[in-house]
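Worksheet: one structure, shown below.
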Protein chains: 2
Amino acid sequence: MDTKTRLYVDHDLGPGQAVPLTADQAHYMFSVMRHGVGDSALLFNGRDGEWRAKVAQAGKRGGIMVCDQRTLPQRGLPDLWLLFAPIKKARTDFIVEKAVELGVARILPVQTRHTNAERIRQDRLQAHATEAAEQCGGTLVPEVVELQPLDRVLAAWPADRRLLWCDEALAGQTAGKMPGNDTTSPGPWAILIGPEGGFSEGEQARLRTMPQVHALCLGPRILRADTAAVAAITLWQTALGDWR
Amino acid sequence: MDTKTRLYVDHDLGPGQAVPLTADQAHYMFSVMRHGVGDSALLFNGRDGEWRAKVAQAGKRGGIMVCDQRTLPQRGLPDLWLLFAPIKKARTDFIVEKAVELGVARILPVQTRHTNAERIRQDRLQAHATEAAEQCGGTLVPEVVELQPLDRVLAAWPADRRLLWCDEALAGQTAGKMPGNDTTSPGPWAILIGPEGGFSEGEQARLRTMPQVHALCLGPRILRADTAAVAAITLWQTALGDWR
């Protein structure tokens, strides 16, 4: 029995439930991992926890798994969003993968004044998020939304969602520390990572006027955007999230 | 004047000092960045701080910069080592780059029982470390040492160097939190990141007997080795290092 193969499925899970596999999942299960009828894998769908399931039918373009036993209860994620300006493809993929492993609930690529990437492939990034959730043992796949202009996102910013602003221009400055929290729920939060070229003056001015914003300095060196994302999520999870 | 081009040079720096460029540096300065005679760049050598220097001669296979003014004092790094088991090439490169940005003094690739990589290109990883130091504004380039067996490294482990042990097998467990420190110098430390397959039972048993070892849990999800490295260095820098 291989309990290391985990698949996200868009199907109900429960005792004796039969679950069809997509062509991609069948290829992965039967060609890449070389599983066959009777072998096990772990399934999750974002609602019903994690289930051990056995292969009942194996084909080239599909297959059927049958749920056996629940192995994990459904677990939520802290109500944390990540906003970042997409950068080079490999680093953007990396940010999505790391954000899922570290535990964010929603990933929002934003177009800033100095963002280089004109567009992103939302479907590709969502597939990366799914793969990362399968790998890290989570029971939820965070949503990756379409690229939106930062201005528009900030204009509709929820009054109760705090925003941790990490900007490379703050490197070496004595910006605020990560706020602590003694209560169980820190409430809704988001992390905003600046683009490689930093935020424009207009963007900075706007962020400074928002009462939800908390500026955070990430040490004395200049971090790349992908490093800053991982560091900021780590600090948030330790202070306010589910690493406490 | 472009102060964004930063180069590490193995040469003395000081007022009016002439500094020769290597063929690679000349290619970068004059072909990639399109700088010419009279243009400026920033130089550092790990000893004399950061200097603004002007191009005095530009050639295809070399060039000469002349130091103008010191722009940063020499800054040290916290006495933190990173030990990790090399993984796939892209992720190993990533760990080295991130460790430099986040601020470690020495990078030690270690061969564990379950390490897949048989060998690494130490010279290539050292070049990555140099590039990351140039990019992040540091004035030191951390040393990347040759791959060594973990057993041998632990057998000669300094009595006064504490070791933060981050293992994916600890995911979700209530291992110790990051220790805090109120004094200016936390003393020598190291971070040990486990290989993808985890540490062997023998390695775990050995680590448990070492009085220098402090186990750290990095949240409820299973992190890839590269994510764990960035998260652990971030937590160390915030609690004990130069992000305080």
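A few remarks follow.
- Matching residues, segment B:140-158, being under 15 Å from B:Glu97 (Cα atoms) and either in the same structural domain as B:Phe44 (by TED's automatic domain parsing) or in contact (Cβ under 8 Å) with a residue 60 or more places away in the chain (or both): B:Leu140, B:Val141, B:Pro142
- Of all residues making up segment B:7-24, the number that are open to solvent by less than 40 Å² (accessible area, probe 1.4 Å) and either modelled with pLDDT under 95 or part of a loop (DSSP other than H, G, I, E, B) (or both): 3
- Condition check for A:Val55: under 27 Å from B:Arg221 (Cβ atoms) and surrounded by 14 or more Cβ atoms within 10 Å (Cβ to Cβ): yes
- Residues that are of a type outside the set (Asp, Glu), away from every other protein chain (no Cβ under 14 Å) and out of contact with any strand residue (DSSP E or B) (no Cβ under 6 Å at 6 or more places or on another chain), drawn from segment A:197-244: A:Phe199, A:Ser200, A:Gly202, A:Gln204, A:Ala205, A:Arg206, A:Arg208, A:Thr209, A:Met210, A:Pro211
- The number of residues in segment B:186-242 being free of Cβ contacts under 8 Å to residues at least 12 places away in the same chain and assigned to a loop (DSSP other than H, G, I, E, B) comes to 1.
- Selection over segment A:91-121 of residues that are open to solvent by 30 Å² or more (accessible area, probe 1.4 Å) and either touching a strand residue (DSSP E or B) at 6+ places or on another chain (Cβ under 6 Å) or under 26 Å from A:Gln204 (Cα atoms) (or both) gives a count of 9.
- Any hit, segment A:102-110, residues being more than 24 Å from A:Arg152 (Cβ to Cβ) and at pLDDT 95 or above: yes
- Residue in segment B:120-139 that is in a loop (DSSP other than H, G, I, E, B), away from chain A (no Cβ under 14 Å) and touching a Pro at 6+ places or on another chain (Cβ under 7 Å) present: yes
The values are calculated or read from the model by the stated rules, or taken from the named source; none is laboratory data. Just so we're clear, the structure is a prediction, and the values are computed from it rather than from any experiment. Every residue, glycine as well, gets a Cβ built from its backbone with ideal geometry; the counts of neighbours run over all protein chains shown. Areas reflect the complete protein model, heavy atoms only, side chains present, ligands, DNA and RNA absent. Shrake-Rupley method; radii C 1.70, N 1.55, O 1.52, S 1.80 Å.
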